[in-house]
Amino acid sequence: MKNFEKWNEVKSKLHNKKTKIVIPKEREVYWASIGVNIGHEQDGKGDIFSRPVLVLKKYNQHIFFGIPLSTQLREGSFFFEFLLNGEKRNALIVQGRLLDTKRLENRIGMINREDFDRLKNKLKELMGV
């Protein structure tokens with residue numbers, strides 16, 4: 001069962017966060033509190049409902065477009081497999097969304113340029129743009 005009450009407590013703390021804001025760069029991967037979400041939307045895990053997120057596009061110091069990652073490897077147009085720190089990861093392309101930098105915890109790596117460009121092209125194909 002999804003614990004929306006606990007997530008609301010964590011979300012409130014994140015919103016009121018007073019520590020230095022992390023300003024991410026495109027291609028970086030961070031642990032990010034993405035929360036408890038509705039239906040088939042990707043959830044975070046653990047006490048702060050986090051999972052690795054790839055920074056696809058930074059818009060300003062507060063907002064970026066992120067794509068959640070998984071170590072569960074799947075094939076298909078909704079997924080993109082790549083190596084991060086020597087470990088296979090899957091970008092859950094269709095689960096990408098706008099996120100606030102207050103959700104970011106710690107940086108865990110950076111996707112290489114070639115994979116990043118291939119992922120962007122796959123996203124464009126998927127979105128039909």
Kindly indicate the residue of segment 98-121 that is at pLDDT below 95 and either of a type in the set (Lys, Arg) or on the phi > 0 side of the Ramachandran plot (or both) and also farthest from the chain's Cα centre (by Cα) among those meeting that condition. LYS102
Counting only residues that are within 28 Å of GLU9 (Cα to Cα), in a strand (DSSP E or B) and among the aromatic types (Phe, Trp, Tyr), segment 49-93 contains a total of 2
Do you know which of the residues in segment 57-82 that are farther than 12 Å from LEU119 by Cα and aliphatic (A, V, I, L, M) is surrounded by the most Cβ atoms within 10 Å (Cβ to Cβ)? LEU69
Does at least one position in segment 99-120 carry a residue that is over 26 Å from SER12 (Cα atoms), among the polar types (S, T, N, Q) and out of contact with any His (no Cβ under 6 Å at 6 or more places or on another chain)? yes
Mind checking which residues of segment 94-115 are crowded, with 19+ Cβ neighbours inside 10 Å and either part of a strand (DSSP E or B) or in contact (Cβ under 8 Å) with a residue 60 or more places away in the chain (or both)? LEU99, THR101, ARG103, LEU104, ILE111
Considering only segment 35-56, state which residues are at pLDDT 90 or above and closer than 22 Å to LYS17 by Cβ. SER50, ARG51, PRO52, VAL53, LEU54, VAL55
For segment 34-55, does any single residue satisfy the condition of being crowded, with 19+ Cβ neighbours inside 10 Å and closer than 14 Å to LEU123 by Cβ? yes
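The values are calculated or read from the model by the stated rules, or taken from the named source; none is laboratory data. Bear in mind that the values here come from a model prediction, so they are computed numbers and not experimental data. Because the Cβ atoms are built from the backbone with ideal geometry, glycine has one as well, and the counts that use them run over all protein chains shown.
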